[in-house]
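Below: the structure, in structure tokens.
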Amino acid sequence: MKTFPLSPGGAAENVTLIDNVITLTDLTPLPRFGLKGRGSGAWLQAQGRPLPQINQIANGVLRLGSEDLVVVETADDLRAAWHAAPAPKGYTAWREETWAWMHLSGPRLNDVLAKICPVDLSPAAFKDNQIAQTRVGYLEAIIWRHTFDGREGFSVFFDIAATAFFANAVATAAREFSEG
Amino acid sequence: MKILTCPMNGPRNINEFQCFGPVKNDPDPATTSDADWARHLFRVDNSRGVITEWWRHVPSNYFFLAERNATTNEVIRTFTPQDAEARP
Amino acid sequence: MPLRLLKYAFSRDYPVTGDIPATPDLKSSYDVVIIGGGGHGLACAHYLSKYHGITNVAVLEKGYLAGGNTARNTTTIRSNYITKEGIAFYKEGVQLYEEMSQELDFNVMFSQRGQLTLAHTEATLRSFHLRAEMGKHAGTNIEVVDAQTVKDLSPHLNMDEGGPLEIMGGLWHADGGTARHDAVAWGYAAQAARRGVEIHQRTEVEGFETDQGRITKVRTNRGDIAAGQVMIAVGGMNYDMAMRAGVELPIRCYPLQAMVTQPLKPWLHTLVSSVSLHTYLVQSSRGEIVIGGGSDPYQLCSTRSTLDMKEHLSEGATHLFPFLQGVRLLRQWAGITDMTPDYSPIMGASPLKNLWLDCGWGTWGFKATPVAGKYMAQTIANGRVAPILEPFTMERFARFELLNEMGATAASH
């Protein structure tokens, strides 16, 4: 059983996630599988996973670079298949170990994101299948549009060691909208 | 904020980038003298005109090249190493 | 004895005396030509003329006296470095500042109020212990202090208890201080001029003539000069100047920005700097809060200021002292720093026999003004590099004998 930062015994155990004008949901325990390096794209395609363009997401595959991919759906079977496969197949990027995954939603989502992310994420500027590799809440992050549990919003990957910092940054940015 | 255009991620604030300094030639370790090797390590193009530098877009860990005027700070162009090879 | 001010106060007619003579005509030859009329060049001229009897000296300055990096730094004086060579050198620099007003009969407003460097992490605190032990070993006043002592030393500090930037302790350097930069340069210039040193303002060196490994002529916009010995001390222009003599320095130029607030009543009684926030503050004798930080993140030969850096410095300053939030900024500026690979200066010999280097002063030049001047003068007078300067030779790079002062320099002045 893995210990994630916000779970009991985790490094960010006592951090509460904001849930008023904006709602933060921790998706870190959800499966994902990242592959990097020469051969990773070809191997993934051979598994029946078509690759989107760079900086786009399609069918649960995020393409972060020409040979830098993250699968966010049904990752466990894929991981087993990858381990059994012969090279070339890229190498595992340990995205499930090194990244936290948070979902942002709520009535003031756009206002808060405008404060903590320099990329224009409004519907006109940022399409459903787009990924932005940028900064969110002062951290290097990957952000894309994601509806989770019926809630429209965005998902963010960032360094798992900064979990408490990120939660704090979002809450601080949201304060001006919740007070007054 | 100054904007730099990443060949992969498009125009971004310059604080999303890290500069790795002017491009250097790779000397051959087998034939390079100690003195030349030291010069290769410590000497950097500090001229005031247009310099070609390595930059990295930090969130995506993407390395590329930029031509920039070291006095006016004007970025003339950004490009990939493949673009550089394709140039006549 | 520094009785000049007292004598002046008791004089009947308050005579106006110019400290610096008007620029004379350029002679055809000098024993020593010093390129650069900033603190370092003028200090060297002072020591040459006073202690080595060498007065046939010309100081050539492209612009006006002390108008380059001498006027653009943030006047921190300290010796809390980490290499034994660096500490020994800067320690004598601090001692020379302690005596400077006496030495020059000129009030340089040296204020030895101590420097407090803050640690927000355990890792920083560990590096402070190393610096403190190195400093104590060399006989400087330096110690690691706990959070309570930090609070006592600077009661207005936001300790951020329980926050991400909680202050866990500090490095207290009681020898640290500040001085009036114009007065330092002016004092050296006045002393040197009184002994016959010629100060040539608006005199730009355009090139050199060399023969058999020696400089034979210095070409200026006002004519050519023959020179026995030549020293380069031109701050952010050192790389270019050395290139004109065919000497390649391992230097890159970066802007260093700073700013001051409106004057306030005295409240900040030490120099305060934060390693994590890349911000340092000192209150000037005029009451302004001088705020500085690290160099710009990429090389550039420009003295422009940026909004990014002002935001960054303001963020750091208002985090440490939240009540500064309503205070207005009065001025901003930048200097061009000549950074070396190991964050230590390059002093001593060059590949040309009679060309001496006082270069690579990056962001650490002002504090070394007297000690660099003293030993560069000794070097030039004897034709042999002074022992205290030997570790700073340009040759150290070819020998891989670097003096790494990055941690003690880059983030915390």
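Jot down the radius of gyration and Dmax of chain C, Cα atoms only, both in angstrom.
Considering chain C through its Cα atoms, Rg and Dmax are 21.3, 68 Å.
Just to be sure I understand: if I project the alpha-carbon convex hull of segment C:135-287 onto a plane and average over all orientations, what area do I get in nm²?
14.7
May I ask for the angle, rounded to the nearest 10°, between helix C:122-137 and the longest principal axis of chain C, with both axes built from Cα atoms and the value confined to 0 to 90°?
50
Of all the C-alpha pairs in chain B, what % are more than 23 Å from each other?
That fraction is 32 percent.
Indicate the helices, whole DSSP H runs only, in chain A that combine a mean Kyte-Doolittle hydropathy of 0.0 or more with a Cα extent along their long axis of 20 angstrom or more.
A:163-178
Exposure proxy check: C:Thr140, A:Thr28, C:Thr121 ranked by fewest other beta carbons within 10 Å?
Listed from fewest to most nearby Cβ atoms, that is C:Thr121, A:Thr28, C:Thr140.
In whole angstrom, how far apart do the alpha carbon centroids of segment B:1-23 and segment C:187-210 sit?
Segment B:1-23 and segment C:187-210 have Cα centres separated by 43 Å.
For peptide A:110-118, compute the average count of partner chain beta-carbon atoms within 10 Å of each residue's beta-carbon.
1
For chain C, take the longest principal axis of its alpha carbons; what is the angle in degrees between that and the long axis of helix C:369-382, to the nearest 10 within 0 to 90?
In chain C, helix C:369-382 runs at an angle near 30 degrees to the longest axis.
Among B:Pro29, B:Pro59, B:Pro11, determine the one that fluctuates most according to a GNM of chain B built with springs between C-alpha atoms less than 10 Å apart.
B:Pro29
Shielding by partners for A:134-143, please: the mean number of other protein chain Cβ atoms within 10 Å of each residue's Cβ.
3
Nearest 10 degrees, 0 to 90: what angle lies between the long axis of helix C:307-320 and the longest principal axis of chain C (Cα atoms)?
So the inclination is approximately 50 degrees.
What Rg and what Dmax come out for segment A:33-95 when only alpha-carbon atoms are used, in angstroms?
In order Rg, Dmax, the Cα atoms of segment A:33-95 give 10.1, 28 Å.
For the protein assembly as shown, give the magnitude of the charge dipole about the Cα centre (Cβ charges: +1 Lys/Arg, -1 Asp/Glu; no others), in debye to the nearest 20.
Charge dipole of the protein assembly as shown: 1220 debye, to the nearest 20.
Average the reciprocal distances over every distinct pair of alpha-carbons in the protein assembly as shown, invert the result, and give the Kirkwood radius in Å.
About 28.2 Å, per the Kirkwood formula over Cα pairs.
Can you tell me what the convex hull of the Cα atoms of segment C:260-413 projects to on average, as an area in nm²?
So the Cα hull casts an average projection of 10.8 nm².
Need the full-extension length gain, C:Lys27 to C:Gln102, defined as separation in residues times 0.36 nm minus the C-alpha distance. One decimal, nm.
So the chain would gain 23.8 nm between C:Lys27 and C:Gln102.
Taking 28 Å as the cut-off for C-alpha to C-alpha distance, list the pairs among A:Lys36/A:Lys127; C:Lys50/C:Lys265; C:Lys7/C:Lys27 that go past it.
The pairs that break the limit, which is 28 Å between Cα atoms, are C:Lys50/C:Lys265; C:Lys7/C:Lys27.
Provide Rg and Dmax in Å for segment A:110-180, with only Cα atoms included in the calculation.
Values for segment A:110-180 (Cα only, Rg and Dmax): 12.2, 35 Å.
Give the lysines whose C-alpha is closer than 23 Å to that of C:Lys84, dropping any in the same chain fewer than 8 places away, or say none.
C:Lys136, C:Lys367, C:Lys374
Which residue, C:Pro24, C:Ala71, C:Val59, has the largest displacement toward the positive end of the dipole of segment C:1-78 when charges sit on each Cβ (Lys, Arg +1; Asp, Glu -1)?
Farthest towards the positive pole: C:Ala71.
Under a point-charge model restricted to the Cβ atoms of Lys and Arg (+1) and Asp and Glu (-1), what is the dipole moment magnitude of chain B relative to its Cα centre, in debye to the nearest 20?
Here chain B has a charge dipole of around 360 debye.
Using each residue's phi in segment C:206-220, evaluate 6.51 cos²θ - 1.76 cosθ + 1.60 at θ = phi - 60° and report the 3J(HN,Hα) Karplus result to the nearest Hz, with x for Gly and Pro.
With coefficients 6.51, -1.76 and 1.60, one gets 9, x, 9, 10, 10, 8, 6, x, 10, 7, 9, 9, 10, 8, 10 Hz.
In segment A:55-111, which chymotrypsin sites (Phe, Trp or Tyr not before Pro) fall in coil by DSSP and have 14 or fewer other Cβ atoms within 10 Å?
Sites meeting the loop and neighbour criteria: A:Trp94.
Averaged over peptide B:12-25, how many Cβ atoms belonging to another chain are found within 10 Å of each residue's Cβ?
3
Ranking request for peptides C:336-344, A:66-74, C:259-267: highest mean number of other beta-carbon atoms within 10 Å first, then the rest in descending order.
C:336-344, A:66-74, C:259-267
Just need the Rg to Rh number for segment A:1-146, please, alpha carbons only, Kirkwood Rh.
Looking at segment A:1-146, the ratio lands at 0.99.
Could you give the length gained on full extension between C:His52 and C:His269, defined as 0.36 nm per residue of separation minus the Cα-Cα distance, in nm?
Contour length minus the Cα-Cα distance gives 74.2 nm.
In segment C:203-278, which GluC sites (Glu not before Pro) are in a loop and have at most 15 other Cβ atoms within 10 Å, using DSSP for the loop call?
Sparse-neighbourhood loop GluC sites (Glu not before Pro): C:Glu204, C:Glu248.
Loop by DSSP (not H, G, I, E, B), at most 16 other beta-carbon atoms within 10 Å: where is the longest site-free stretch of chain C for trypsin sites (Lys or Arg not before Pro)?
C:28-112
Compute, for chain C, the length of the dipole vector about the Cα centre, with Cβ point charges of +1 (Lys, Arg) and -1 (Asp, Glu) only. Units Debye, rounded to 20.
900
Every number here is computed from the coordinates shown, using simple stated rules; none is lab data. None of these values were measured; they are calculated from a predicted model. Methodologically, a virtual Cβ is constructed for each residue, glycine included, from the backbone with ideal geometry; neighbour enumeration extends over all protein chains shown.
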